[in-house]
Amino acid sequence: MSIYLYSHPHCLLHNPDKEHPECPDRIDAVNDQIIRSGLDFVLTREQACPATLEHIKLAHSDQYISELYRKQPHEGHVWLDPDTPMTPDTLDSALHAVGANVAAVDKVLADQNKQAFCLVRPPGHHATKDQAMGFCVFNNIAIAALYAQQAYGLSRVAIVDFDVHHGNGTEDIVQAHPNILFCSTFQSQLYPYVDENNNDDHILSIALPPGCKSLDWREAVYYQILPKLDAFKPQLILISAGFDGHIEDEMSQFLLKEDDYFWITQKLKLIADKHCSGRIVSSLEGGYDHSALGRSVVAHLKGMLGSEY
């Protein structure tokens, strides 16, 4: 069994400044750890094409898209929100990030027992229908879910978000789509400062306290998310794979380790094997300590393979 890895060199072009945590070096750090781990032999690397405007419009309003193109600078950068700079190359990078997710959906739905990981940036899960937020321009994973439904007629698509920050943008977009299940864990009292647990029929958002340890996080996943996911019987599982809950990542106060990301991925793989022929598309979100990020992605990929960690 292999994993398709979708990326593109243009995902490196979005380069805010040396001090910004969401930087091109994140992708380089992941690639370095993949090579060091020896996982390259089970990865099939694919270059993504840029998404079309039709793909973007699945999740974002015409007004928002037009505003982005109007604001695109010819040099330097402008701020789309206090955390999200836009450079001359940002739209190019963001379109390739979405394009990777769309291509990954095409691939795993065309083949049996195939999985894909999108090594892309900028991330997407904070981007709402009408607003860039928290380093995110287009909501890669929400577009992938809506594309899977539009292009392949899927009636049950699940998104699992284990980034330490709440995927408020994804929740905003899928709120109107009850046939998309959105499950997430995140740290309370942390950006974007939405702490309530949303327990709609198709949305399960679980806020956990700062200092959350592996056992507490795993219990929330095991007793709340996994049963809901299993009962939903997804035809495709999408993962917003953020690794900024790692104990070495200064973006949060979670105390997770690589083994936790391996564990949740193995659990999600079991449900994918049971309900949707193993079909998983995972897309990189957060993770800002480069060493921890690279090691965590390797653990995540091993979990997708079902191998021992």
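Under a straight-distance cross-link criterion of Cα-Cα below 13 Å, which aspartates and glutamates are reachable from Lys107, leaving out those fewer than 8 residues away in the same chain?
Glu46
What is the gain in length, in nm to one decimal, between Glu250 and Asp130 on full extension, counting 0.36 nm per residue of separation less the C-alpha to C-alpha distance?
Once the chain is fully extended between Glu250 and Asp130, it gains 40.3 nm.
Run the quick spin-label model on Asp17 and Asp111: label points 7 Å from Cα toward the beta carbon, then report their separation in nm to one decimal.
Label-label distance for Asp17 and Asp111, simple model: 4.3 nm.
Please arrange Glu19, Glu46 by accessible surface area, largest first, computed with a 1.4 Å probe and ligands excluded.
Ranked from most to least accessible, the order is Glu19, Glu46.
Counting Lys and Arg as +1 and Asp and Glu as -1, each charge on the Cβ, what is the dipole of the chain about the Cα centre in debye, to the nearest 20?
1080 debye
Largest first, please: the extent of the C-alpha atoms of the stretch 1-148 along each principal axis, to the nearest Å.
Cα extents, longest axis first: 44, 34, 22 Å.
Using alpha carbons only, how many angstrom separate the centre of the stretch 280-309 from the centre of the stretch 209-266?
12 Å
Which value at 222 nm does the chain reach when only helices count, each DSSP H run of 4 or more adding -39,500 (n - 2.57), with the total divided by all residues and rounded to the nearest 500 deg cm²/dmol?
Mean residue ellipticity, 222 nm, calculated: -11500 deg cm²/dmol.
Hey, rough spin-label estimate for Arg218 and Gln150, points 7 angstrom out along Cα→Cβ, what's it come to in nanometres?
It works out to 4.1 nm between the two label points.
Grab the Cα-Cα distance for Val42 and Glu75, subtract it from 0.36 nm times how many residues apart they are, and report the gain in nm with one decimal.
Once the chain is fully extended between Val42 and Glu75, it gains 7.9 nm.
Per residue, how big is the convex hull around the C-alpha atoms of the stretch 168-247? Give it to me in cubic angstrom, could you?
In the stretch 168-247, the Cα hull volume divided by residue count equals 96 Å³.
Would you work out which of Thr170, Leu53, Phe117 lies farthest towards the positive end of the dipole of the chain, given +1 charges on the beta-carbon of Lys and Arg and -1 on that of Asp and Glu, about the Cα centre?
Final value for the positive-end residue is Phe117.
Can you work out the FRET efficiency for the pair Asp32 and Asp62, with r the C-beta to C-beta distance and R0 = 51 Å, to the nearest 0.05?
Rounded to the nearest 0.05, the efficiency is 0.80.
About the Cα centre of the stretch 62-123, what is the dipole size in debye to 20, counting +1 per Lys and Arg Cβ and -1 per Asp and Glu Cβ, all else neutral?
200 debye
Past 28 Å, Cα to Cα: identify those pairs from Lys114/Lys228; Lys233/Lys302; Lys129/Lys267; Lys129/Lys274; Lys114/Lys257, in the order given.
The pairs that break the limit, which is 28 Å between Cα atoms, are Lys129/Lys267; Lys129/Lys274.
As a test, work out the antiparallel percent of DSSP beta bridges whose residues both lie in the chain, rounded to the nearest 5.
About 10 percent, rounded to the nearest 5.
For Glu54 and Asp200, what is the calculated FRET efficiency with R₀ set at 22 Å and r taken between the beta-carbons, to the nearest 0.05?
0.20
If each of Ser188 and Asp230 carries a label point 7 Å out from its Cα toward its Cβ, how far apart are those two points in nm?
Using points 7 Å along Cα→Cβ, the separation is 2.7 nm.
Starting from the Cα gyration tensor of the stretch 163-309, take the square roots of the eigenvalues, sort them a ≥ b ≥ c, and report rounded, prolate or oblate (rounded when a/c is under 1.5, otherwise prolate if a/b is larger than b/c, else oblate).
Taking the square roots of the gyration eigenvalues as a ≥ b ≥ c, the stretch 163-309 is oblate.
Determine the share of the chain's accessible area contributed by carbon and sulfur atoms, expressed in whole percent, with a 1.4 angstrom probe.
49 percent
For the stretch 100-247, build the charge dipole from Cβ charges (+1 Lys, Arg; -1 Asp, Glu) around the Cα centre, then report which of Val160, Gln235, Leu146 sits farthest towards its positive end.
Looking along the dipole axis, the top candidate is Gln235.
Over 20 Å intervals from 0, what percent of Cα-Cα pairs in the chain sits in each interval?
Whole-percent P(r) values from 0 Å outward: 38, 60, 2.
Quick one: grab the alpha carbon gyration tensor of the stretch 8-65, order the square roots of its eigenvalues as a ≥ b ≥ c, and give me rounded if a/c is under 1.5, else prolate or oblate depending on whether a/b is larger than b/c.
oblate
The values are calculated or read from the model by the stated rules, or taken from the named source; none is laboratory data. Fair warning: this is a prediction, and the values are worked out from it, not measured in the lab. Glycine gets a Cβ as well: all are built from the backbone with ideal geometry, and neighbour counts include every protein chain shown. All accessible areas refer to the heavy atoms of the entire protein, side chains included, with ligands and DNA or RNA removed. Shrake-Rupley method; radii C 1.70, N 1.55, O 1.52, S 1.80 Å.
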